[in-house]
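Novice: Dumping the structure here so I can ask a few things about it.
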Amino acid sequence: MATQQQALIPTWQDYFKLRSKRRMFELASYGPSTIFPAAATGSYFMQLQIDPTTLILGMDPLAAAAISTIGAGFCGFLAGPVFGDLMFKLAYRKYVPEMDARDKAFYERIKKNRADARLNSIRNPVPDYYGEKIQSVSDYRSWLRKQREHYRKGVFGGAAEEDAM
């Protein structure tokens with residue numbers, strides 16, 4: 001079974017391609033998951049007959065309707081990546097176990113190789129602590145170089161270029 005799963009995503013480059021597809025699914029789900037709840041809430045409040053002298057949640061009815069509509073849209077916006085991830089897992093069902101295993105291995109590598117956050121300062125911020133911007137093997141190598149440079153700056157008090165001058 002493990003050899004069959006390994007054949008589905010044979011290289012790290014293939015893993016990064018699937019990872020970027022998953023991110024595209026998550027990004028594409030932001031719009032619908034924001035618009036539909038806001039539109040449904042807005043249409044509910046537009047059809048509701050409201051007495052202008054009564055209060056809803058201690059507020060003017062129009063203000064309560066506006067805040068509720070914006071709140072529903074915001075909650076949908078927050079839930080968007082979850083729906084996108086579910087859609088990705090439905091569309092690429094056969095890759096899910098191997099993706100989960102690769103995700104775990106990748107994040108273990110990130111944890112092992114990232115710079116110590118205690119070395120953070122205004123002049124030396126931690127570069128991409130969680131490795132979110134890594135989209136390929138060459139990006140990973142670049143990330144490793146940046147982590148080592150951050151460590152050097154934090155421990156030795158300056159960049160290698162500054163020491164050479």
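Novice: Touching a Ser or Thr at 6+ places or on another chain (Cβ under 6 Å) and closer than 25 Å to GLN13 by Cα: is that true of GLY131 in this structure?
Specialist: On the way: touching a Ser or Thr at 6+ places or on another chain (Cβ under 6 Å): no; closer than 25 Å to GLN13 by Cα: yes.
So GLY131 does not fit the description; no.
Novice: For residues in segment 1-24 being closer than 14 Å to ALA105 by Cα and surrounded by 14 or more Cβ atoms within 10 Å (Cβ to Cβ), which is modelled with the lowest pLDDT?
Specialist: In this case the residue turns out to be ILE9.
Novice: Moving on. Among (1) loosely packed, with under 15 Cβ neighbours inside 10 Å; (2) at pLDDT below 95, which single condition is ILE70 missing?
Specialist: Here ILE70 clears every test but (2).
The values are calculated or read from the model by the stated rules, or taken from the named source; none is laboratory data. Treat the numbers as computed from the prediction; the structure is a model and nothing was measured. When we count neighbours, we look across all protein chains shown, and the Cβ atoms used for this are built from the backbone with ideal geometry, even at glycine.
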